[in-house]
Amino acid sequence: MDLTSLTAVSPIDGRYGRKTEALRPIFSEYGLIKHRVLVEVRWLQALAAHPAIAEVPAFGEHADNVLNGIVDNFSEEDAQRVKNIERTTNHDVKAVEYFLKEKIAGNQELEAVSEFIHFACTSEDINNLAYALMLREGRAQVLLPQLDSVIDAIARLAEAHAGVPMLSRTHGQPASPTTLGKEMANVVHRLQRQRGQLTAVPMLGKINGAVGNYNAHLITYPEVDWPAFAEAFITEKLGLDWNAYTIQIEPHDYIAELFDVLGRINTILIDFARDVWGYISLGYFKQKTVAGEVGSSTMPHKVNPIDFENAEGNLGLANAIFDHLAAKLPVSRWQRDLTDSTVLRNLGVGIAHSVIACDSLTRGIGKLEANPTRLAEDLDATWEVLAEAVQTVMRRYGIEKPYEKLKELTRGKGIDAESMKRFIDSLDIPAEAKERLKSLTPATYTGNAAEQARNIR
């Protein structure tokens, strides 16, 4: 069978292929090869620019244009040529080196220095930098825009419903009221904090040879300050952060940091998806119907919260992958083993499930409509939630055992407005305090929830 969205094994490239298209140029085999080519070309150009490496003279404009063109115009056909070469070499990075030697054929200036392609490099010098560039692009071009869309959508819910009173539930039981908007603002604040941590994770790289000691570099050009050269190459030419101490591989701690924070973001979104699912079940939110959609194969009335369920499932899958990557990648036997090689090829998988989830959440949020009538019904049926307010005011005025008296009045009992007002009238507290308490309703006992919601951004 030909590989299509219908025959793909993974739903990332099958059912959800349209949602993950933006990741393909970055995290596919094509993307990996493209970034390897970029690193190899930039390394050759850096060698040519170093005055102490006389055997690679500074490139003329035409030679530089040829090299830049290989990077800028890299195509799927180019990637396929690398794969064809790999069938012979049985080594993916060596295939890139041979591909570049093919591409510069006919240019005498470049052919003269062709053996300096991949100079003093182990494969991981190229791979670790390619993966760091891929992760940087994935974060900037896909992850952050998707996350920002979700944060913005939830923030708009917070602002729109800042003053809509809602019965809280702690341990599943009625609790002091809040507002619908404030509960959305809580999520926004959590996500904003984690977003800051996501952007702060450095993308580290190294280019220091077979075991991290510049062995081949120094035996060939002992006069060159290779650590300084490597740092400048990584930070200035590639825009990454330099890791000064490594074994053969960059130890991947930063990737664990990145996936740990992505896991926390996803956990917050799981919490949000489950809460909204519950609010829909309670009737606090209604969902806008979409023409042609079906909620059940047998029950025509149903409008299921499928977007939030889809998001929860994909967030769980993403976190399972992130957990494994974060635990596995920083571990390597002695100076190098190959267990990270196959695992690193899955960097985009967890990210893809996160992207699918964010798309579902954004779509689901767009279908939500608050149901003030249902919210008001629950509040009006739970006057006992004012027990906190009354017993706290009683404490101010020295009433003996205020908590115990409200517990006797309300715990496990349903009381109404009149019962509460009679109790307040019986208290020996100032008239002004009595009136303030008697004017209170479950719908107005929301503290500064509305203000917090309106100030979320």
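The values are calculated or read from the model by the stated rules, or taken from the named source; none is laboratory data. All figures in this text were calculated on a predicted structure; none of them were measured in a lab. Don't worry about glycine lacking a Cβ; one is built from the backbone with ideal geometry, like all the others, and counts go over all protein chains shown. The area values use the complete protein model at the heavy-atom level, side chains included, leaving out ligands, DNA and RNA. Shrake-Rupley method; radii C 1.70, N 1.55, O 1.52, S 1.80 Å.
Taken as Cα centroids, region 441-455 and region 171-205 sit 18 Å apart, rounded to the nearest whole angstrom. For the chain, the mean residue ellipticity at 222 nm estimated from helices alone is -18000 deg cm²/dmol, where every DSSP H run of n ≥ 4 contributes -39500 (n - 2.57) and the total is divided by all residues, rounded to the nearest 500. Taking the charge dipole of the chain about its Cα centre, with +1 at Lys and Arg Cβ atoms and -1 at Asp and Glu Cβ atoms, the residue from Ala433, Tyr16, Ala320 reaching farthest to the positive side is Ala433. Take the Cβ atoms of Val303 and Ile399, set R0 to 45 Å, and the FRET efficiency comes out at 0.35.
Let me know the charge dipole size of region 175-313 about its Cα centre in debye, to the nearest 20, where only the beta-carbon of Lys, Arg (+1) and Asp, Glu (-1) is charged.
The calculation lands at about 760 debye.
Just to confirm the number: angle between the C-alpha axis of helix 76-89 and the first principal axis of the chain, 0 to 90 degrees, nearest 10? Between the helix axis and the principal axis of the chain, the angle is about 60 degrees.
Between amide H atoms placed 1.01 Å from N, distances below 5 Å from Trp242 occur with Gly205, all of them 5 or more places distant or on a separate chain. Taking the Cα centre of the chain as origin and assigning +1 to Lys and Arg Cβ atoms and -1 to Asp and Glu Cβ atoms, the resulting dipole is close to 1940 debye.
Tell me the carbon and sulfur percent of the accessible area for region 1-160, rounded to whole percent, probe radius 1.4 Å.
It is 49 percent, rounded to a whole number.
Note on Ser114 and Thr267: with the Förster distance fixed at 45 Å, the Cβ-Cβ geometry gives a FRET efficiency of about 0.35. Each of Ile85, Ala120, Gln194 was scored by the projection of its Cα onto the charge dipole of the chain, and the greatest displacement toward the positive side belongs to Gln194; charges sit on the C-beta of Lys, Arg, Asp and Glu. With θ taken as phi - 60° and the Karplus curve 6.51 cos²θ - 1.76 cosθ + 1.60 applied, the whole-hertz 3J(HN,Hα) list for region 389-394 is 4, 5, 5, 6, 5, 4 Hz, x standing for glycine and proline. With a threshold of 21 Å on the Cα-Cα distance, the over-threshold entries among Lys19/Lys328; Lys34/Lys206; Lys206/Lys328; Lys206/Lys237; Lys19/Lys83; Lys94/Lys206 are Lys19/Lys328; Lys19/Lys83. Projected label points at Gln197 and Asp72, each 7 Å from Cα along the beta carbon direction, are separated by 4.1 nanometres.
Taking amide H positions as placed 1.01 Å from N in the peptide plane, with prolines and chain starts having none, which residues 5 or more places from Thr179, or on another chain, fall under 5 Å of its amide H? Here Met166 satisfy the definition.
Karplus-derived 3J(HN,Hα) values for region 162-167, using 6.51 cos²θ - 1.76 cosθ + 1.60 with θ = phi - 60°, are 4, x, 7, x, 8, 6 Hz; glycine and proline are entered as x. Of the residues Asn304, Pro222, Leu238, the one whose Cα sits farthest towards the positive end of the charge dipole of the chain is Asn304 (charges of +1 on Lys and Arg Cβ, -1 on Asp and Glu Cβ, taken about the Cα centre). Net charge dipole, region 1-120: roughly 580 debye, given to the nearest 20, about the Cα centre with Cβ charges of +1 for Lys and Arg and -1 for Asp and Glu.
Spin-label model, Glu432/Lys413: points 7 Å from Cα along the beta carbon direction are separated by 3.1 nm. Think of a 1.4 Å ball rolled over the protein heavy atoms: region 381-457 then has 61 Å² of accessible area per residue. Placing a pseudo-label 7 Å from each Cα along the Cα-to-Cβ vector at Ser281 and Ala8 gives an inter-label distance of 3.2 nm.
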